[in-house]
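I'd like to ask you about the structure that follows.
The values are calculated or read from the model by the stated rules, or taken from the named source; none is laboratory data. For clarity, every value in this text was computed on a predicted model and none was experimentally measured. Every residue, glycine as well, gets a Cβ built from its backbone with ideal geometry; the counts of neighbours run over all protein chains shown.
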Amino acid sequence: MSTLTLPEDRRRRPAWQRLARLGGQSNRTRRVGFGGWIWLITAGVLVLGVLVLPSLLPHGTTEIVGASGAEPFGTDQQGYDLLTRVVYGARTSLIAAAIVIASGVVIGGLIGLVAGVAGGVVDSLLMRLTDLFLALPGPLLVLAVVSALGASLPHTVVGVMVVWWPWYARIVRGQVTATMVLPHVEAARLGGLGRIRVAFKHVLPGSFSPLVVTASLDVGNAILLLASLSFLGLGSPDGTPELGAMTANGLTYLLTGWWVAAFPAVAVTLLALVGNFAGDTIRDLVAD
């Protein structure tokens, strides 16, 4: 007896396999357009640059270099090389944003997966908890967490992590609920597979695409929020190369040394802008 097989183009593939085959899909290439690829390449170059450049720069973040005129971005009020501090600050912002987004994906993804698979009372309790966090004003909750723990960048990251996961939980729960009624999931359950194995092998992969899209679009938002909190004095202590704190400290010298505040602010804007446009491109690529 022959078995029914789907054509290769119609078989459901994991998100990473679909991303690997994008080069040959002209329809998606047309949907993204030349500008989308430019933003995606720019994002890759920018991330690679802020990760590699710090080890190649001649000065340290707390090395007084004076004002010799050889520094491309000049020096700040303490005589530190501003280019070095901006590059280190950009790396700090990217790493902090990546930690926040990764925590949202893991925590929210697990909560949404458990709620969608378990259903019933467990689903109701977890979703009511999610709604509670969504109803609370996020910035105020972050301020409360940072005030309780103390002002520092790690504590600010923890505070943002507390309010970042509910959207991912909602997205995964919706995808899981829709996937649970599909024929292949029903067949796996009738075949005697345990609930945990069904959840991670047959249900969770269906949520990868919306998770990738949401995470990529959140990069710019996370960078802006962390920089804003540091700007308000809730991030890194004085002297630490962090873009928001550097911008705030440079405002005092805006009339006499505008570049001290301007270059960190431009770096924040550039990171957020590239992150948002690259996220739009990734959304177009992985969309079915």
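Quick check on segment 175-187. Is at least one of its residues of a type in the set (Asp, Glu), assigned to a helix (DSSP H, G or I), more than 25 Å from residue 264 (Cα to Cα) and in contact (Cβ under 8 Å) with a residue 12 or more places away in the chain?
So far as segment 175-187 goes, no, none of its residues is of a type in the set (Asp, Glu), assigned to a helix (DSSP H, G or I), more than 25 Å from residue 264 (Cα to Cα) and in contact (Cβ under 8 Å) with a residue 12 or more places away in the chain.
List every residue pair whose Cβ atoms sit under 9 Å apart, with the two residues 6 or more apart in sequence or on different chains, where the first one lies in segment 96-121 and is under 18 Å from residue 158 (Cβ atoms) and the second, anywhere, is at pLDDT below 90 and not in a helix (DSSP H, G or I).
96/235; 96/242
Can you tell me how many residues in segment 208-238 are among the small types (Gly, Ala, Ser), buried (at least 18 other Cβ atoms within 10 Å of the Cβ) and out of contact with any Gly (no Cβ under 7 Å at 6 or more places or on another chain)?
So the count comes out to 4.
Separate question: Quick one: count up the residues across segment 214-261 that are over 18 Å from the mean Cα position of the chain (by Cα) and of a type in the set (Asp, Glu).
Selection size over segment 214-261: 1.
What pairs come up if the first residue lies in segment 32-57 and is more than 20 Å from residue 85 (Cβ to Cβ), the second is surrounded by 12 or more Cβ atoms within 10 Å (Cβ to Cβ) and of a type in the set (Val, Ile, Thr), and their beta carbons are under 6 Å apart, counting only those six or more places apart or on different chains?
32/281; 36/281; 39/281; 40/281; 42/274; 43/274
For segment 253-264, which positions are surrounded by fewer than 24 Cβ atoms within 10 Å (Cβ to Cβ) and either without any contact (Cβ under 8 Å) to a residue 60 or more places away in the chain or touching a helix residue (DSSP H, G or I) at 6+ places or on another chain (Cβ under 6 Å) (or both)?
Hits for segment 253-264 are 253, 254, 255, 256, 258, 261, 262, 263.
Residue 118 - would you say it is under 30 Å from residue 232 (Cβ atoms) and either polar (S, T, N, Q) or surrounded by fewer than 17 Cβ atoms within 10 Å (Cβ to Cβ) (or both)? I'd like the intermediate steps shown before the answer.
Details: under 30 Å from residue 232 (Cβ atoms): no; either polar (S, T, N, Q) or surrounded by fewer than 17 Cβ atoms within 10 Å (Cβ to Cβ) (or both): yes.
Considered against the rule, which asks whether it is under 30 Å from residue 232 (Cβ atoms) and either polar (S, T, N, Q) or surrounded by fewer than 17 Cβ atoms within 10 Å (Cβ to Cβ) (or both), residue 118 comes out as no.
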